[in-house]
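Reviewing the structure listed below.
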Amino acid sequence: MAVEWTEKTMEKKCDILPVRIFRFYYDGFRSMDVGRTLWLLILVKLFIMFIVLKIFFFPRYLNRFDTEEERGDYVSNELIDRAINP
């Protein structure tokens, strides 16, 4: 897999660093074949981990309180109780 150097890639050297970094990754991702499938797999796994698991396994304890003061009291009491009785 040889890198083709064209005149277009040679003139990128005069750009500022953030632009060169962006173009480096952009050209790399654009020319990927298997990598696109792997990135899609990574994104699907991240979606499952952070969205689906959050919905089913992490209940919302603070929604049962009506005001911010009640929520704050509950959190502070839980922190104190767990610090005293670990």
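The values are calculated or read from the model by the stated rules, or taken from the named source; none is laboratory data. The structure displayed is predicted, hence computed values, not measured ones. Cβ placement follows ideal geometry from the backbone for every residue including glycine, while neighbour counts extend to all protein chains displayed. For the accessible areas, the whole protein counts, side chains as well, though only heavy atoms, and no ligand, DNA or RNA atoms are used. Shrake-Rupley method; radii C 1.70, N 1.55, O 1.52, S 1.80 Å.
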Over the stretch 21-81, volume per residue of the alpha carbon convex hull, in Å³: 165
Taking 0.36 nm per intervening residue step and subtracting the Cα-Cα distance, what contour gain separates Met49 from Leu62 on full extension? 2.5 nm
Segment Val75-Asp15, extension gain: residue separation times 0.36 nm, minus the distance between their alpha carbons: 16.5 nm
Any idea of Phe47's accessible area? Nearest 10 Å², probe 1.4 Å. 120
In the stretch 57-86, what trypsin sites (Lys or Arg not before Pro) fall in a loop by DSSP, with at most 12 other Cβ atoms inside 10 Å? Arg60
